[in-house]
Amino acid sequence: MTSLTHTVRQRNYFMLFLLAILATVFLLRVYLPTLLWQRTQAFVTIFLGIFIEAVPFLVAGALVSGLIAEFVSPDFLQRFSPRHPLSAAMAGGALGLTFPVCECGVVPVTRRLYRKGLPLSTGIAFLLAAPVVNPVVIASTYATYGWSYIFWWRMGAAFVIAVLIGTLFHWAKPDSVLRPEEQEAAHCACCALDAEEDAPALSRARRFWRALTVAGDEFLEMTHYLVIGCLLAAAMQVIVPQSVLLAWGQGPVLSVLALMVLAFVLSVCSTVDAFISLAFINTFSPGAVLAFLVFGPMVDIKSLLLFRQVFSRRTIVYLVMLPLLLTGIFAVAFNIVGG
Amino acid sequence: MSKVFRPLLLAGLAIFLYQRLADGTIHFYINRRFVWLIWVAVGALLLIALSYTLPKPDSDKETEHAHDHAIPLSWVTASLVALPLLLGWSIAPQPLGMAALVNREMSSAPAFDFAPAANPAQQAVEARGEAETILDWVMAFGPRPDLPAFAGQPADVTGFVYRHPDMPPDTWFISRYLVMCCVADATPISLVVYAPGVEVADDMWVQVRGHFAAETVGEITTPLLIADTVTPIDPPAQPYLYY
């Protein structure tokens, strides 16, 4: 009875929300001055643009996650996970080479791998490296810059920074890094059922469909945070003039900071950020462009919100600050030594 | 909330994306090279939604193995997932226009290192089999245009109008957005048009036929498109330019 009341209340809240949004849109359309209404439309277009662009990658990540849940056993992962801290993190970075996922798709995959017992350090290195060193981004960076120094430094710096941060997490305790729900799932007996144990009971087709349901749950949970991230990113684009950031284009330090902030705000998919960085190549220092290409895929507004689904708040602070600091130091050093 | 909501939300999202694909307004949001990914996503979302409707095997019912520790679908999650659909369905799809220029850097010279073309109009027709765009001219001029080489060349471009308050009378920008990935990275590019006696309004889509001249303002010489004709047109199906 209580559960039924709860369900009805939840449904009513949902319906109220729908009505509130429709009423707000109607009132804005009627009462807002034309220019402000046009800016509202621009905000909605940018929000939907970022969201629509991210959906296929999030679907891909959720599907991979569902397939891992159904077909990859914890034993398999543990058998192939290196024991040495640095090796474990390097394995995570190298794993990124095989998954064609951007910063949206990598989060559900990482979460699923954690539930299957992946070591923390391996997962963190994978989470940070995969959006840069994956095959799609390698191809798009090559298409933009060829085998130039930008290409090699981007891949090398992202890999090294991801492995360093992953190694640091080797000494962290899982209960301080992951959300309690993730902890619970990782130790749940029924979720630890693996492919071999469950296989006789169900056909492959049946398990495939079950993987799709897991993917659907994963997608909906992640989309919750993706939408908030897209809203924030679109709002920042409408509120903060690009000229404020681009005015910092000069100087070895400020230019790096400016493009890292811009990468965070733009929240553009890592599969195409190389093309976008071309616009800065004649205006900003080379180190700043590299910082845009290394930091942006690791952390941006929408991925930050997706991290909330997996990690504790303190860990998220580390996952922002450590890439920011390491990428900043690398890029400024690149400007000073190389320039 | 009822388990029916999950497949409904997933199918709703698939239908929303399909509508954008079917009516072509998907081009208001993303670069055309990524449209195939949206088709794949629509298929995958429908398949995933379908998976919820299949009867569960007995083993799942016994062990609840498929529960996957999924957090029950709260009204907050359902609302946030539904938000893009609501906004998309309640506000008519609109490409970025003048209103989005406010916070963006407009360029009449590219930051990109393109090889300049001597005759952009002819090159566009030869390379793509279509009329030249603002981008062809902006690429041709480069950061430091050799304007005498372009003076008198005929041009035929389309774009939306932006009248800057500081511009002289009868002078305005004809603009398009250059999109690499999605509208988040849209960069406005523009040409300055001089069209004496022609009434235009901001955001109006026009086709301008004319020829180039060099205009010197202070110490800076910029290309100026002298309009022979200015024709109002409907916004094109693909309003942005792509690189």
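All conditions in (1) in contact (Cβ under 8 Å) with a residue 12 or more places away in the chain; (2) crowded, with 24+ Cβ neighbours inside 10 Å hold for residue A:52, with the sole exception of (1).
Whenever a residue of the range A:18-33 is farther than 12 Å from residue B:87 by Cα, its partners that are open to solvent by 80 Å² or more (accessible area, probe 1.4 Å), lying with C-beta atoms within less than 9 angstrom and at least six residues away or across chains, give the pairs A:28/A:36.
Looking only at the range A:178-187, decide whether some residue is at pLDDT 85 or above and assigned by TED's automatic domain parsing to the domain that holds residue A:92.
Initially, the range A:178-187 is screened for residues at pLDDT 85 or above, giving A:178-179.
Now drop any that are not assigned by TED's automatic domain parsing to the domain that holds residue A:92, which leaves A:178-179.
Yes: one or more hits.
Scanning the range A:138-167 for residues that are under 21 Å from residue A:101 (Cα atoms), surrounded by fewer than 13 Cβ atoms within 10 Å (Cβ to Cβ) and without any contact (Cβ under 8 Å) to a residue 12 or more places away in the chain turns up just one, A:152. Taking the condition open to solvent by 50 Å² or more (accessible area, probe 1.4 Å), touching a residue at least 60 places away in the same chain (Cβ under 8 Å) and in a helix (DSSP H, G or I), does residue A:79 pass? Considered against the rule, which asks whether it is open to solvent by 50 Å² or more (accessible area, probe 1.4 Å), touching a residue at least 60 places away in the same chain (Cβ under 8 Å) and in a helix (DSSP H, G or I), residue A:79 comes out as no.
For the criterion of being in the same structural domain as residue A:131 (by TED's automatic domain parsing), over 22 Å from residue B:30 (Cα atoms) and surrounded by 24 or more Cβ atoms within 10 Å (Cβ to Cβ), residue A:259 passes. For the range B:17-32, filtered to residues that are within 9 Å of another protein chain (Cβ to nearest Cβ) and assigned to a helix (DSSP H, G or I), the residue that is nearest to residue A:6 (Cα to Cα) is B:17.
Taking the range B:1-43 as the range and being within 21 Å of the chain's Cα centre (by Cα), surrounded by 18 or more Cβ atoms within 10 Å (Cβ to Cβ) and of a type in the set (Lys, Arg) as the test, only B:20 passes. Among residues of the range B:222-243 that are within 16 Å of residue B:193 (Cα to Cα), those with a beta-carbon under 6 Å from a residue that is of a type in the set (Lys, Arg) at least six positions away or on a different chain give the pairs B:228/B:209; B:229/B:209.
Conditions (1) open to solvent by less than 10 Å² (accessible area, probe 1.4 Å); (2) outside the structural domain of residue A:217 (by TED's automatic domain parsing); (3) in a helix (DSSP H, G or I), marked per residue:
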{"position": "A:14", "(1), (2), (3)": "no, yes, yes"}
{"position": "A:45", "(1), (2), (3)": "yes, yes, yes"}
{"position": "A:65", "(1), (2), (3)": "yes, yes, yes"}
{"position": "A:90", "(1), (2), (3)": "no, no, yes"}
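Determine whether the range A:287-296 contains at least one residue that is surrounded by fewer than 24 Cβ atoms within 10 Å (Cβ to Cβ), under 19 Å from the mean Cα position of the chain (by Cα) and closer than 23 Å to residue A:137 by Cα. No, that holds for no residue. Evaluation of residue B:165 against the conditions (1) within 14 Å of another protein chain (Cβ to nearest Cβ); (2) in contact with an Asp or Glu (Cβ under 7 Å, 6 or more places away or on another chain); (3) surrounded by fewer than 16 Cβ atoms within 10 Å (Cβ to Cβ) shows that the sole unmet condition is (2). How many residues, within the range A:302-327, are open to solvent by 10 Å² or more (accessible area, probe 1.4 Å), part of a helix (DSSP H, G or I) and out of contact with any His (no Cβ under 9 Å at 6 or more places or on another chain)? Selection size over the range A:302-327: 12.
The values are calculated or read from the model by the stated rules, or taken from the named source; none is laboratory data. None of these values were measured; they are calculated from a predicted model. Positions of Cβ are backbone-derived with ideal geometry, glycine not excepted, and every protein chain shown enters the neighbour counts. SASA here: full protein model, heavy atoms, side chains in, ligands and nucleic acids out. Shrake-Rupley method; radii C 1.70, N 1.55, O 1.52, S 1.80 Å.
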